[in-house]
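Structure record follows, encoded as structure tokens.
The values are calculated or read from the model by the stated rules, or taken from the named source; none is laboratory data. All values derive from a computational prediction rather than experimental measurement. Cβ coordinates were reconstructed from backbone atoms using ideal geometry, including for glycine residues, and neighbour counts include every protein chain displayed. Areas reflect the complete protein model, heavy atoms only, side chains present, ligands, DNA and RNA absent. Shrake-Rupley method; radii C 1.70, N 1.55, O 1.52, S 1.80 Å.
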Amino acid sequence: MATWVTLCENKDFRTLYYRGTSRVHTGVVTYVRRNRLGYPRVGITTGKKVGCAVRRSRARRVIREGFRPLFPLVGGYDIVFVARTRTPEMKSTSLTPVIRHHLQEMGVIEG
């Protein structure tokens, strides 16, 4: 199974927040910016507003599994997903079409 590179540096997240394009949904916010590496880098953030540690961990798992089916379609982009308060209550199968729609609108994958 193919894996992606994880964004870990704070400067990479800040660059995406300020210079990337974004799409908003009640379940997730998606930030995207092209990179020159040729492979995707993905980051997931969950703030304290999402809830306790258990809810934040669930939100990360839901987002990760919602993005997994779309991963082979993504080229050289940096992508950050920001969890919202409704994310832990969602299923990954209901989040996959939302993420797909966001990535299609921003030109990361073809429709």
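What to note about this one:
Per-residue answers, yes or no, for (1) assigned to a strand (DSSP E or B); (2) in contact with a strand residue (DSSP E or B) (Cβ under 6 Å, 6 or more places away or on another chain); (3) at pLDDT 90 or above; (4) under 15 Å from ILE99 (Cβ atoms):
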residue: THR26; (1), (2), (3), (4): no, no, yes, yes
residue: ARG33; (1), (2), (3), (4): yes, yes, yes, no
residue: LEU37; (1), (2), (3), (4): no, no, no, no
residue: PHE71; (1), (2), (3), (4): no, no, no, yes
residue: VAL82; (1), (2), (3), (4): yes, yes, yes, yes
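- Meets criteria (farther than 15 Å from TRP4 by Cα, within 10 Å of the chain's Cα centre (by Cα) and assigned to a helix (DSSP H, G or I)) for ILE63: no
- Contact map, the stretch 85-111: first residue closer than 12 Å to VAL28 by Cβ, second residue among the hydroxyl-bearing types (Ser, Thr, Tyr), Cβ cut-off under 6 Å, separation 6 or more or different chains; pairs are ARG86/THR26; HIS102/THR30.
- Members of the stretch 46-71 found to be among the aliphatic types (A, V, I, L, M) and open to solvent by less than 30 Å² (accessible area, probe 1.4 Å), listed by number: VAL50, ALA59, VAL62, ILE63, LEU70
- Output for the stretch 69-84, where each listed residue is of a type outside the set (Val, Ile, Thr) and either free of Cβ contacts under 8 Å to residues at least 12 places away in the same chain or under 16 Å from ARG33 (Cβ atoms) (or both): GLY75, GLY76, TYR77, ASP78, PHE81
- Considering only residues in the stretch 96-111 that are under 11 Å from the mean Cα position of the chain (by Cα) and surrounded by fewer than 22 Cβ atoms within 10 Å (Cβ to Cβ), the one that is farthest from LYS48 (Cα to Cα) turns out to be ARG100.
- Failed condition for LEU16, given (1) open to solvent by less than 10 Å² (accessible area, probe 1.4 Å); (2) modelled with pLDDT under 90: (2)
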